[in-house]
Amino acid sequence: MFYPKPKKIITTLFMLESVDGKISTGASDDFDFDTDLPKISGTKSGLQQYYDLQQTTDLWSLNTGRVMSKIGINNKGFNKEKMPVSFVIVDAEHLTEVGVTNLSNWVKELIIVTSNKNHPVFKTNLENVTIIKQETPINFKKVFTILSKNIDRITIESGSTLNYSLLHDGLIDYINIVVAPILIGGVSTPSLIGGDGISSINELKKCTLTLIEATPLKNNYLQLKYSVNK
């Protein structure tokens, strides 16, 4: 008997980074591109281009609870207009019950992926929230198989550690990077791909890219699009 091949979800890693590959302005959560780049004369003028491009990404977005916490999702005063975008949030301990409720009110559909059996999402009963329960460490290949049942395409906008895991699991298809004209540095400042690092030369074979397009933007910004070689 012929069994159809499972549908594959198409993924794009979309990020803003510095010329030296950093995705934050500092090592702690007190630093953030959204907060800091508008304060710098060399980066503030062109920053809106990144936000405009962000509006053209997929209607599903994958992110982390840590990133959501940084933007204030756990604050009771968080109140933003409902978006047509749906979120998949990977989280163990950064979201509160208030944060989950705020996310539910903010996005169209919300999927929480967690290995924490006591995660605050289990205390909620929100109509547009789905929970994907996982063991530690999370098996992202399984998660993406589950997601592919209802999602065709998703944009990844997560942190460096999760980016590393997804890349090395072969779960990133395309890279769409906006490069800001700034050098940041710092060993502990997160970069586009973090994680434990390469342990064998064979792992590098999963990491090569084919350039699709390089587009100079205004005010010294640059957009780079790649496909990930499988």
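No value in this document is a laboratory result; all are computed from the given coordinates. Treat the numbers as computed from the prediction; the structure is a model and nothing was measured. Don't worry about glycine lacking a Cβ; one is built from the backbone with ideal geometry, like all the others, and counts go over all protein chains shown.
Structure data summary
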read-out	value
14 Å beta-carbon shell around G65, net charge (K/R +1, D/E -1)	-3
Per-residue [θ]222 nm for the chain (sum of -39500 (n - 2.57) over DSSP H runs n ≥ 4, rounded to 500)	-5500 deg cm²/dmol
GNM top mover of D52, D34, D169 - the chain, alpha-carbon springs below 10 Å	D52
Antiparallel bridge percentage (DSSP; both residues within the stretch 10-228; nearest 5)	35
Partners for K141 among aspartates and glutamates (Cα-Cα distance below 19 Å; same-chain residues under 8 apart left out)	D91, D152, E157, D169, D173, D196, E203
Most mobile of L16, L167, L95 in a GNM of the chain (Cα contacts under 10 Å)	L167
Kirkwood Rh in Å, taken over all unlike Cα pairs in the stretch 44-88	12.4
Assigned charges on the beta-carbon of Lys, Arg, Asp, Glu; the stretch 90-211 dipole about Cα centre (debye)	240
Stretchable slack from T130 to I212, in nm (0.36 nm times residue separation minus alpha-carbon distance)	26.0 nm
Which listed pairs, of K80/K133; K108/K133; K22/K82, have C-alpha distances above 24 Å, in listed order	K80/K133; K22/K82
Semi-axes of the equivalent ellipsoid for the chain, Cα gyration tensor, largest first, Å	27, 24, 17
Mean-position separation - Cα centroids, the stretch 116-163 and the stretch 37-66, in angstrom	23
